[in-house]
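Notes follow once the structure below has been shown.
Readers should treat all values here as calculations from the given coordinates under stated rules, not as data from a laboratory. Only a predicted model underlies this, so the values are computations on that prediction, with no experimental measurement involved. Backbone-built Cβ (ideal geometry, glycine too); neighbour counts: all protein chains shown.
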Amino acid sequence: MSADAGGAERPHAYAVQVLHLLVSPGHAYFGRPRDGAADVPTEDRDEVEVVAGKGIRGDRFFGKAAHMDAAVTFLAIEAWEGVAADLALPQPPDPLLARRNLVVRGVELDPLRGVDFELVTAAGAVLFHGGRPANPCAWMDRVVAQGAHRAMRGRGGLRCTPLTDGRVARGPGVLRSPVPLDPARAGEAVLRRTPLP
């Protein structure tokens with residue numbers, strides 16, 4: 001596909017900041033929260049390699065059949081800040097506690113469900129397909145603060161499938177979308193009783 005064709009298919013462009021790129025070879029949260037989180041190495045990288053259909057090289061979801069349609073997770077930092085405000089925390093906790101791969105600022109994630117969007121950073125461009133919401137787990141009450149699990153409902157992020165190989169770099173970027181987005185709504189909870197078609 002040519003750059004012009006992609007631009008025509010994704011006419012809405014938004015300036016974003018990629019704040020964090022989390023890569024971890026293992027799951028930290030499994031079992032019962034009272035048993036404590038696993039001590040697994042976690043990196044906040046300056047750049048990651050994305051492989052089409054597999055995810056981020058070196059990450060726990062990479063190439064796992066059960067996660068092929070959700071291999072890369074996004075979190076809007078505005079949502080994380082909204083959780084902190086709801087819980088009256090003096091400052092937002094470390095966003096890496098949410099265990100999402102890409103923490104971004106300036107993008108409303110929910111309208112990207114079911115569509116193909118492109119993230120362009122200094123390292124190049126990667127095309128993603130927006131999948132299902134990245135729902136929070138009960139672990140959030142233990143590792144963030146009591147009530148965080150409920151506060152994150154509807155704003156836990158978005159699970160995506162990478163459609164092209166490429167690299168994503170921390171720092172400024174552009175997100176190109178086929179649908180209009182409202183960055184001012186990035187921190188709002190989106191709760192649905194029925195799934196999107």
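Going by a ≥ b ≥ c, the root eigenvalues of the Cα gyration tensor, does segment 95-141 fall in the rounded group (a/c under 1.5), the prolate group (a/b larger than b/c) or the oblate group?
Here segment 95-141 falls in the oblate category.
Of all the Cα-Cα pairs you can form in segment 70-194, what percent are over 18 Å apart?
50
Suppose the chain between GLU47 and ALA122 were pulled fully straight at 0.36 nm per residue; how much longer would it get relative to their current alpha carbon spacing?
26.1 nm
Below 13 angstrom from the Cβ of GLY82, what's the summed charge of the other residues (Lys, Arg +1; Asp, Glu -1)?
Overall, the nearby charge balance is 0.
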